[in-house]
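First comes the structure, then the notes that go with it.
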Ligand code: SF4
């Protein structure tokens, strides 16, 4: 039997190279061998309270255009907007009735996010009570998203494994309390290549260091040309070490074996300068993004089709969700 996968993305802005290599390339691969549900997590975008209605609306369509342009195929994957399937909210409510708060309070990812957003200063119990329920409880909503389609697998990076553990615990508790309805979803661990931002920190829109997939080639070129390098190469004649160079992570992804050997040797002997070295990689990034841009242009000019993809996907997702909720309502008695 083909296993089911569920995954989503919050519509909070434009997608960047980190999203492409961290998630989207993997989704495109997975749709070939799994029954896939990929959703725009617009309710999740509300959990942090810092995203405007306009951003959510605009990003939803733009994000789906990005998905289609990288190769997600609505004939192979169900692509939908979370809020179009109200059953997710109902299942979230039912799961919230059986989820002990300590399971949520001890979740390290939620606390880390709350700290980053400035909602809390530390992991102390008193601090954690300052977190809104929506944020504290988003693993419960996430569980509803996953179990609604009885997904056996959830593609995640190592840092998101605690979330899936909560989903497994909720599924187990529900099945024990009522009847065996849900599988216990397993993480489908994804090797995520390191894609630092142009300043060398993790690529993130909030750090302002991201290379946006849809930005003009000249801007991509300019950003990558000034990307952080091994600090040992402060002067042109100073040798460096590619393993300590943020830009070299992109060489690893985009360049041929011969090019990697050439720039690695040139770096260690100071035979090439950083700009020349980066040019080798930038050429490939631009070529790759050019293919993406051509496809994106098509979808930008056919926005009605993009909206149809979401409507169609919503119908398919809802049909599956209705089936699940008939079983759930029956066993809980509502
Ligand atoms: S030469 Fe290349 S690999 Fe070496 S530090 Fe400069 S950009 Fe990085």
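Things worth noting here:
- The angle between the Cα long axis of helix 161-177 and the main principal axis of the chain comes to about 10°, on a 0 to 90 degree scale.
- Its alpha carbons considered, region 87-202 gives a radius of gyration followed by a Dmax of 15.5, 52 Å.
- If the segment from residue 312 to residue 93 were pulled out straight at 0.36 nm per residue, it would be longer than the present Cα-Cα gap by 76.3 nm.
- Here the Gaussian network model covers the chain, with springs between Cα atoms less than 10 Å apart; of 11, 108, 183, 108 fluctuates the most.
- Förster radius 41 Å - calculated FRET efficiency between residue 261 and residue 302 (Cβ-Cβ, nearest 0.05): 0.45
- 0 to 90° range, to nearest 10: angle between helix 53-70 axis and the chain longest Cα axis: 70 degrees
- When the alpha carbon gyration tensor of region 24-124 is reduced to an equivalent ellipsoid, its three semi-axes come out at 29, 18, 15 angstrom, largest first.
- For the pair region 66-116 / region 230-302, the C-alpha centres are spaced 35 Å from each other.
- Chain lengthening between residue 181 and residue 101 when straightened (0.36 nm per residue, less Cα-Cα): 26.5 nm
- Using C-alpha pairs below 8 Å separated by at least 6 residues, the relative contact order for the chain is 21 percent.
- Between residue 332 and residue 130, the simple label model (points 7 Å from Cα in the Cβ direction) yields a spacing of 3.2 nm.
- Degrees, to the nearest 10: 138-147 long Cα axis against longest axis of the chain: 80 degrees
- 222 nm mean residue ellipticity, helices alone, for the chain (DSSP H n ≥ 4; -39,500 (n - 2.57); rounded to 500): -16000 deg cm²/dmol
- For region 221-258, the residues whose amide N sits under 11 Å from a probe point set 7 Å from the Cα of residue 275 along the beta carbon direction are 225-226.
- Of the residues 73, 304, 219, 84, the one with the fewest other Cβ atoms within 10 Å heads the list, and the complete ranking is 304, 219, 73, 84.
- Using a simple spin-label model with pseudo-atoms 7 Å out from Cα toward Cβ, residue 189 and residue 32 lie 2.3 nm apart.
- Per the Debye calculation on the chain with a single equal scatterer at every Cα and no solvent contribution, log₁₀ I(q)/I(0) for q = 0.07, 0.10, 0.11, 0.13 Å⁻¹ amounts to -0.34, -0.67, -0.79, -1.04.
- For region 1-62 versus region 192-220, the gap between their alpha-carbon centres in whole angstrom: 18 Å
- Over region 205-295, the reciprocal of the mean inverse Cα-Cα separation, the Kirkwood hydrodynamic radius, stands at 13.6 Å.
- As a rough footprinting exposure proxy, the listed residues 281, 97, 1, 325 were ranked by other beta carbons within 10 Å of their own, and the order from fewest upward is 1, 97, 325, 281.
No value in this document is a laboratory result; all are computed from the given coordinates. Please read these numbers as outputs of a predicted model, since none were measured by experiment. Reconstructed Cβ throughout: ideal geometry from the backbone, glycine too, with neighbour counts over all protein chains shown.
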